[in-house]
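A quick write-up on the structure given underneath.
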Amino acid sequence: MPAMQLDIVLWPHPVLLQGTQRIDAVDDELRQIVGEMRRVMFELRGVGLAAPQVGIARRLMLVCPSGEPGDEEVVINPEILDAEGREVGEEGCLSVPGLYGQVPRAQTVRVRYRDLDFREREMVLTGFVARVFLHELDHLDGQVFIDRMVPESRAKIEAGLDVLKQQFEAQAS
């Protein structure tokens, strides 16, 4: 299998806005994608990364709230079983570099997903870990954190979003 080289995709690239397809099995190609996603996430010092952020429209994400290699969890076909509470916290995104804002999220979530061995797992996540999981899950559903930002935060970054749009349009033409 030839070596794969993935790079971060920047908003408003269409792959970030379209949603993703379920994964039916883990194969060598998927393992290679996971390896590249790990490399990209740690090079960019992220705490999570979803497959659409590297141009792949599949239901796959990494969650690593510590930011430390080896602590990442591979999450395939995630779903929320239950959510409780609500808190607003600052978020940023590797696909929307340099822009941050306040985003409301559930405080606690019960989730189901498959791991890299395709075993079904369930977990209860709270606080920052829940926030990272929900942020990455949004990517799998074609949403970006700016879509959930409180209006005051969104207003503060509009100029930065305009710059990203202009850069994307210049590259596309």
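The values are calculated or read from the model by the stated rules, or taken from the named source; none is laboratory data. The structure presented is a predicted model; accordingly, all values stated were derived computationally and were not measured. No Cβ is skipped: glycine too gets one built from the backbone with ideal geometry, and neighbour counts run over all protein chains shown. Accessible surface areas use protein heavy atoms only, side chains included; no ligands, DNA or RNA. Shrake-Rupley method; radii C 1.70, N 1.55, O 1.52, S 1.80 Å.
Give segment 47-87 a look and list any residue that's loosely packed, with under 13 Cβ neighbours inside 10 Å and part of a strand (DSSP E or B), or say none.
E79, L81, D82, E84
Restricting to segment 134-154, name every residue that is over 22 Å from L10 (Cβ atoms), in a helix (DSSP H, G or I) and in contact with a strand residue (DSSP E or B) (Cβ under 8 Å, 6 or more places away or on another chain).
Selection gives E152 alone.
Might you check whether a residue that is part of a strand (DSSP E or B), over 23 Å from S153 (Cβ atoms) and among the basic types (K, R) occurs anywhere in segment 98-109?
No, segment 98-109 has no match at all.
Being touching a residue at least 60 places away in the same chain (Cβ under 8 Å) and buried (at least 18 other Cβ atoms within 10 Å of the Cβ) is the filter; apply it to segment 13-25 and report the residue that is farthest from G55 (Cα to Cα).
Out of the qualifying residues, it is T20.
Quick check on this structure: which one of P65, P97 is over 19 Å from D7 (Cβ atoms) and touching a residue at least 60 places away in the same chain (Cβ under 8 Å)?
Among P65, P97, only P65 is over 19 Å from D7 (Cβ atoms) and touching a residue at least 60 places away in the same chain (Cβ under 8 Å).
Could you list, in sequence order, the residues of segment 17-41 that are assigned to a helix (DSSP H, G or I) and touching a strand residue (DSSP E or B) at 6+ places or on another chain (Cβ under 9 Å)?
Across segment 17-41, the qualifying residues are L30, I33, V34, M37, R38, V40, M41.
Out of everything in segment 133-146 that is over 16 Å from E79 (Cβ atoms) and out of contact with any Asp or Glu (no Cβ under 6 Å at 6 or more places or on another chain), what residue ends up being surrounded by the most Cβ atoms within 10 Å (Cβ to Cβ)?
Out of the qualifying residues, it is I146.
Taking segment 155-173 on its own, how many of its residues are in contact (Cβ under 8 Å) with a residue 24 or more places away in the chain, under 13 Å from W11 (Cβ atoms) and open to solvent by 50 Å² or more (accessible area, probe 1.4 Å)?
3
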